[in-house]
Amino acid sequence: MSVAIDRRALEPWQDPSAVPFVRIERVTKQFGDIYAVDDVSLSIFQGEFFSLLGSSGCGKSTLLRLLAGLDYPSSGRIFIDGADVTDIPPYQRPVNMMFQSYALFPHMTVEQNVEFGLEQERMPRRERAERVGEMLDLLKIGELRKRKPDQLSGGQRQRAALARSLAKHPKLLLLDEPLGALDKRLRENTQFELVNLQERIGTTFVTVTHDQEEAMTMSSRIAVMEAGRILQIDTPTGIYEFPSNRFVAEFIGSVNLFEGRVMQRDGDLVTVETRLGRPIQMRCPLPLALGKPVTIAIRPEKIRLSAAYRDDAVNQIRGTVEDIAYLGDVSIYHVRISPDQVTRMTLANIQPQTEQELTWGQEVAMEWSPTSGVVLTD
Amino acid sequence: MPPTARPRQPGRRLSRLVNIGIPYLWLGIFFLLPFVIVLQISLAEPRLAQPPYTALAEWLGDGVLSIRLDLQNYLLVLSDDIYLAAFMNSLKVAFFCTLLCLLIGYPMAYAIATAPSRWRIPLLMLIILPFWTSFLIRVYAWIGILQTSGFLNNFLLWLGLIDEPLAILYTQTAIYIGIVYSYLPFMILPLYANLTRLDRTLLEAAADLGCRPFRAFVRVTLPLSRAGIIAGCMLVFIPVVGEFVIPDLLGGPDTLMVGRMLWTEFFSNVDWPLASALAILLLGLLVIPFVLMQRWQLAAEDPDR
Ligand SMILES: Nc1ncnc2c1ncn2[C@@H]1O[C@H](COP(=O)(O)OP(=O)(O)O)[C@@H](O)[C@H]1O
Ligand SMILES: [Mg+2]
């Protein structure tokens with residue numbers, strides 16, 4: 001029982017009585033005849049690290065700008081902390097944004113940049129100086145306070161921009177590709193720092209990213225977007241293990257897809273008939289009609305690949321190893337399972353490469369359990 | 001860079017020499033040489049001959065080269081109040097015209113720079129279009145507009161705003177109108193060039209941080225367009241100080257401006273040395289603020305220095 005309560009505190013979206021901090025209700029944003037954001041509804045809870053994930057041009061930035069008030073929705077309403085802010089201009093919203101390009105004021109020092117927002121709310125000078133010092137310390141850029149933005153490295157600029165957007169203690173911080181301009185190594189370190197920072201200050205974060213790994217690492221929940229619509233909102237685990245449709249399954253990580261039709265239902269176990277040999281059994285909580293075309297999605301690491309196969313395995317597809325890519329820790333096997341389908345499989349290299357049992361051209365079988373994947377209907 | 005970074009390449013050096021040399025050659029021929037000639041005339045004495053000034057250096061024979069530098073012209077200019085008054089009036093007119101051009105030109109440049117992109121080129125064309133007509137003709141046209149029975153007075157009479165025609169032509173006001181009209185494009189173009197480069201997300205960032213649009217303009221747009229403001233002001237101020245045509249055509253006969261003074265000394269009084277001394281002093285008057293402004297700008301850009 002106590003476990004369930006803890007879970008609710010950590011995952012307020014599981015709790016039907018929890019009041020969302022940000023509520024987006026059927027929001028649409030049109031630019032001419034482009035639907036940049038198309039009928040999006042979404043709730044974000046206090047203290048969340050929420051990510052909008054999608055490929056370039058899918059409307060992530062536009063959605064963020066609608067929250068900041070830099071664009072206004074064509075229809076729909078936006079609520080932040082209980083108040084309808086749909087028609088409130090950006091300078092009156094309790095929200096701050098870290099811009100993708102950082103948008104630091106080039107004629108001001110780091111210190112002046114951080115102070116800028118505090119000046120606007122007419123905070124007394126002493127208090128202002130204190131807050132600026134606090135922010136510079138928080139982001140460890142105290143010694144850069146007198147520098148102008150063009151005298152900073154990319155990483156330092158990112159910190160200055162973050163300090164500026166946090167200085168007013170916003171209720172909601174919006175981050176547009178906060179790590180996009182950093183190089184790979186710096187990005188990985190900064191991901192953890194950003195999460196730690198967010199946990200420490202407790203501000204609700206909404207970030208935009210096109211990098212699925214980044215979203216998986218940092219977020220409490222992820223909304224996967226495509227062409228202005230939200231396809232799925234879930235925790236990183238949920239998105240990865242239980243994608244709700246084919247696009248999400250393919251967008252996050254790699255996946256093997258097998259198409260077929262529902263042949264039989266037995267409780268939450270469905271049997272799917274494919275063109276690849278024996279029928280496949282999967283767990284599926286959805287009530288599926290018999291004969292319905294479905295796609296079975298299975299992550300490569302959930303599949304056992306072996307040459308020593310048995311005939312009584314539950315799910316088995318046979319094929320031939322066509323290609324092996326050795327990546328050090330893992331190898332990727334390309335297995336041809338029918339004249340027009342090749343699947344990819346990842347196996348950890350437990351044995352040294354020279355002692356691997358699988359080689360090119362070998363007859364192999366892929367096996368997995370009914371709980372190792374999902375059945376998708378689109 | 002370490003001094004031994006790379007071997008010298010004669011071809012590259014030559015091309016650098018040409019690259020740097022050509023502008024210097026240009027300046028030498030078209031700026032320095034005329035300057036030296038004018039400077040030399042300003043130190044000579046007038047005479048009734050061809051050319052109408054004495055030579056500075058005279059070969060007297062027996063190895064004696066006599067050089068006479070006559071500072072009379074400078075002393076005269078500096079001691080006679082009328083020249084001082086002309087200088088002051090020119091500076092005053094230039095200052096207020098520059099200010100007016102800035103006040104009118106900034107909003108125009110801003111409006112063009114923020115207009116939808118398909119409107120920008122046509123709007124810029126409207127600014128540049130007057131250049132396709134001769135400057136002189138455009139100033140003459142103002143005579144037609146401003147004179148007692150001119151377009152402006154008739155229009156105001158017709159509106160019933162005035163009962164009798166205003167005397168605008170041949171006054172200081174006419175000079176201001178003519179100069180502001182003529183020099184406005186020189187203010188707008190550099191400002192426009194500067195303002196189109198302004199990153200609009202900076203204004204969004206300001207709004208996001210709680211800044212209302214007008215304050216964002218004061219705190220962000222205005223300081224970031226300083227280079228454009230300075231360029232525009234220079235382009236207006238410097239030529240207006242020496243402006244001759246507009247005061248001559250639109251101003252009254254008693255208008256005291258350096259440009260007119262120069263013209264009178266050169267052509268009416270045929271006192272080339274005095275006119276040259278005036279020109280040199282005018283140049284000094286313009287170069288000094290220019291240098292100061294540049295140093296100030298450098299200092300502002302790099303406060304550590
Ligand atoms: N100001 C605008 N005017 C016209 N179209 C826009 C504007 N802003 C965004 N769009 C369009 O809306 C779509 C979504 O853009 P955006 O939200 O920036 O995508 P993302 O951030 O996901 O890459 C794109 O097709 C883009 O071209
Ligand atoms: Mg974007």
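The values are calculated or read from the model by the stated rules, or taken from the named source; none is laboratory data. Keep in mind the model is a prediction, meaning the values are calculated, not measured. Backbone-built Cβ (ideal geometry, glycine too); neighbour counts: all protein chains shown.
Condition check for residue A:141 on (1) within 16 Å of ligand 2 (Cβ to nearest atom); (2) over 18 Å from residue A:52 (Cβ atoms); (3) aliphatic (A, V, I, L, M); (4) more than 14 Å from chain B (Cβ to nearest Cβ): one failure, at (1).
If only one of A:211, A:176 is surrounded by fewer than 18 Cβ atoms within 10 Å (Cβ to Cβ), within 15 Å of the chain's Cα centre (by Cα) and either within 16 Å of ligand 1 (Cβ to nearest atom) or small (Gly, Ala, Ser) (or both), which one is it? Checking each option against the conditions leaves just A:211.
Restricting the stretch B:57-92 to residues that are of a type outside the set (S, T, N, Q) and buried (at least 16 other Cβ atoms within 10 Å of the Cβ), the residue that is nearest to the chain's Cα centre (by Cα) is B:91.
So if I check each of B:180, B:139, which one is in contact with a Cys (Cβ under 8 Å, 6 or more places away or on another chain) and either away from chain A (no Cβ under 14 Å) or part of a loop (DSSP other than H, G, I, E, B) (or both)? Show your work before the answer.
Working: B:139 fails: in contact with a Cys (Cβ under 8 Å, 6 or more places away or on another chain).
Being in contact with a Cys (Cβ under 8 Å, 6 or more places away or on another chain) and either away from chain A (no Cβ under 14 Å) or part of a loop (DSSP other than H, G, I, E, B) (or both) holds for just one of B:180, B:139, which is B:180.
Tell me, yes or no, whether the stretch A:122-129 has at least one residue that is on the phi > 0 side of the Ramachandran plot, more than 14 Å from chain B (Cβ to nearest Cβ) and of a type in the set (Lys, Arg). Spell out the reasoning first.
Our first condition is that a residue be on the phi > 0 side of the Ramachandran plot; within the stretch A:122-129, this holds for A:122.
Subsequent filtering for residues that are more than 14 Å from chain B (Cβ to nearest Cβ) retains none.
Scanning the stretch A:122-129, I find no residue that is on the phi > 0 side of the Ramachandran plot, more than 14 Å from chain B (Cβ to nearest Cβ) and of a type in the set (Lys, Arg), so the answer is no.
Counting residues in the stretch A:327-335 that are at positive phi and touching a residue at least 24 places away in the same chain (Cβ under 8 Å) gives zero.
One line per residue, one yes/no per condition, for (1) of a type outside the set (Phe, Trp, Tyr); (2) touching a helix residue (DSSP H, G or I) at 6+ places or on another chain (Cβ under 9 Å):
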| residue | (1), (2) |
| --- | --- |
| B:89 | yes, yes |
| B:97 | yes, yes |
| B:121 | yes, no |
| B:145 | yes, yes |
| B:151 | no, yes |
| B:156 | yes, no |
| B:202 | yes, yes |
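When the stretch B:104-119 is filtered for residues that are free of Cβ contacts under 8 Å to residues at least 40 places away in the same chain, more than 18 Å from residue B:224 (Cβ to Cβ) and in a helix (DSSP H, G or I), the ones remaining, listed by number, are B:117, B:118, B:119. Residues that are more than 7 Å from chain B (Cβ to nearest Cβ) and either touching a residue at least 60 places away in the same chain (Cβ under 8 Å) or over 25 Å from residue A:179 (Cα atoms) (or both) within the stretch A:90-117 comprise A:92, A:94, A:95, A:98, A:100, A:102, A:104, listed in sequence order.
Checked against the criterion of being over 18 Å from the mean Cα position of the chain (by Cα), away from ligand 2 (no atom under 16 Å from the Cβ), exposed (fewer than 14 other Cβ atoms within 10 Å of the Cβ) and more than 14 Å from every other protein chain (Cβ to nearest Cβ), the stretch A:20-36 has at least one qualifying residue.
Let me confirm something: among A:330, A:272, which residue is farther than 30 Å from residue A:51 by Cα and assigned by TED's automatic domain parsing to the domain that holds residue A:372? Let's see the steps before the verdict.
Working: A:330 fails: farther than 30 Å from residue A:51 by Cα.
Exactly one residue qualifies, and that residue is A:272.
Restricting the first member to the stretch A:22-50 and to residues that are farther than 14 Å from residue A:60 by Cα, and the second to residues that are acidic (Asp, Glu), the beta-carbon pairs closer than 7 Å and six or more apart or on different chains are A:26/A:39. Residue A:70 meets each of the listed conditions (1) within 10 Å of chain B (Cβ to nearest Cβ); (2) touching a Pro at 6+ places or on another chain (Cβ under 7 Å); (3) closer than 21 Å to residue A:218 by Cβ apart from (3).
When only residues in the stretch A:75-89 that are of a type in the set (D, E, K, R) and surrounded by 14 or more Cβ atoms within 10 Å (Cβ to Cβ) count, which is farthest from the other protein chains (Cβ to nearest Cβ)? Break it down stepwise before answering.
So the first thing to find is which residues in the stretch A:75-89 are of a type in the set (D, E, K, R), and the list is A:77, A:81, A:84, A:87.
Still in the list and also surrounded by 14 or more Cβ atoms within 10 Å (Cβ to Cβ): A:77, A:81.
Numbers: A:77: 20, A:81: 17 Å.
Per the stated criteria, the residue is A:77.
Among the residues of the stretch A:185-192, is there at least one that is within 14 Å of chain B (Cβ to nearest Cβ) and not polar (S, T, N, Q)? No, the stretch A:185-192 contains no residue that is within 14 Å of chain B (Cβ to nearest Cβ) and not polar (S, T, N, Q).
The sole residue among A:227, A:223 that is in contact (Cβ under 8 Å) with a residue 40 or more places away in the chain, buried (at least 17 other Cβ atoms within 10 Å of the Cβ) and closer than 17 Å to residue A:42 by Cα is A:223. Within the stretch A:37-59, can one find any residue that is outside any strand (DSSP E or B), within 13 Å of another protein chain (Cβ to nearest Cβ) and away from ligand 2 (no atom under 16 Å from the Cβ)? No; the residues of the stretch A:37-59 include none that is outside any strand (DSSP E or B), within 13 Å of another protein chain (Cβ to nearest Cβ) and away from ligand 2 (no atom under 16 Å from the Cβ).
So if I check each of B:149, B:134, which one is small (Gly, Ala, Ser) and in contact with a Pro (Cβ under 8 Å, 6 or more places away or on another chain)?
Working: B:134 fails: in contact with a Pro (Cβ under 8 Å, 6 or more places away or on another chain).
The conditions single out B:149.
Check residue B:232 against each of (1) within 30 Å of residue A:88 (Cβ to Cβ); (2) of a type in the set (Gly, Ala, Ser); (3) more than 14 Å from chain A (Cβ to nearest Cβ) and name the one condition it does not meet. Only one criterion is unmet by residue B:232, namely (1).
Filter the stretch A:33-56 for residues that are in contact with a Ser or Thr (Cβ under 8 Å, 6 or more places away or on another chain) and away from ligand 1 (no atom under 12 Å from the Cβ) and give the result. Working first, answer last.
Of all residues in the stretch A:33-56, those in contact with a Ser or Thr (Cβ under 8 Å, 6 or more places away or on another chain) come to A:35-40, A:44-53.
Hits for the stretch A:33-56 are A:39, A:44, A:45, A:46, A:47, A:48, A:49, A:50, A:51.
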